[in-house]
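First up is the structure itself, then whatever we jot down about it.
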Amino acid sequence: MKITRQKHAKKHLGFFRNNFGVREPYQILLDGTFCQAALRGRIQLREQLPRYLMAETQLCTTRCVLKELETLGKDLYGAKLIAQKCQVRNCPHFKNAVSGSECLLSMVEDGNPHHYFLATQDQNLSMKVKKKPGIPLMFIIQNTIVLDKPSPKTIAFVKAVESGQLVSVHEKQSIKQLKEEQGLVKDPEQRRRKKHKKVSGPNPLSCLKKKKKTQDTNSSASEKKRKRKRIRNRSTSKVLSEKQNAEGQ
């Protein structure tokens, strides 16, 4: 039975890897219900998940899930301890916390760009996840971890991509990386820096005009001084000529 489960898991992982770019280490988002089921089944998640998926894994959760477990009280104290040992991923609800299911759904929005697995026992959350393509879903049944098969929505999305009707998020990211490597797309941070430098820097034309004005004022002042000197020279020459005439008489 264990061999067949691993075969199915390997098949499903290959599907998500080839069509959605899921890669190791697999990031698995846990909610409180999954932690509680693991506690009741005495499942060591850190040991059994890598064996089942045959790859390195990272157990993750969010602040909203931890706060939800704290508010539920002593009945879920053990589940809270399991969740606290997981890596905490940043969610968009830093100021105002939401329910754990709503928070985890927001983490896999926009095509699940971070390639999260979602592990839950919540049936409502599972149904919402299955309506979004490209999200591997995990749950616990009869004290064993199971990776669910791709949902009909996911399979339909892959068929649409293969027929050329849609472009997957994984393909968009690969195209963007190729363009950046070839220099076809510039880094937006560099553009912002260049724009910032242009705005903050002085206008070269204004500098040139100011220099011309200073040159004009200097030239006009020098011309005035020359005229004054000429006038003075003329006046002194007249005085000398008058003196010579007076002496001659």
Check your understanding: Could you list log10 I(q)/I(0) for segment 17-116 at q = 0.18, 0.20, 0.22, 0.24 Å⁻¹, which the Debye formula gives when each Cα is one point scatterer?
Key -> -0.88, -1.04, -1.20, -1.32
Check your understanding: Within the set LYS67/LYS131; LYS67/LYS132; LYS11/LYS74; LYS11/LYS131; LYS95/LYS149, which residue pairs have Cα atoms separated by over 29 Å?
Key -> LYS11/LYS74; LYS95/LYS149
Practice item. Apply 1/(1 + (r/R0)^6) to the Cβ-Cβ distance of LYS95 and LYS130, taking R0 = 45 Å, and write down the FRET efficiency to the nearest 0.05. Key: 0.90
Check your understanding: Can you give the accessible area of MET54 in Å² (nearest 10), computed on protein heavy atoms with a 1.4 Å probe?
Key -> 100
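Quick check: with the 1.4 Å probe, what order do THR57, THR4 take by accessible area, largest first?
Most to least solvent-accessible, the answer reads THR4, THR57.
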Review point. So what is the accessible area of segment 34-103 per residue, in Å², with the probe set to 1.4 Å?
Key: 60
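The values are calculated or read from the model by the stated rules, or taken from the named source; none is laboratory data. As the structure is a computational prediction, the values presented were derived from the model and not from experiment. Ideal geometry is used to build each Cβ from the backbone, glycine not excepted, and the neighbour counts take in all protein chains shown. Note: areas computed on protein heavy atoms with side chains; ligands, DNA, RNA excluded. Shrake-Rupley method; radii C 1.70, N 1.55, O 1.52, S 1.80 Å.
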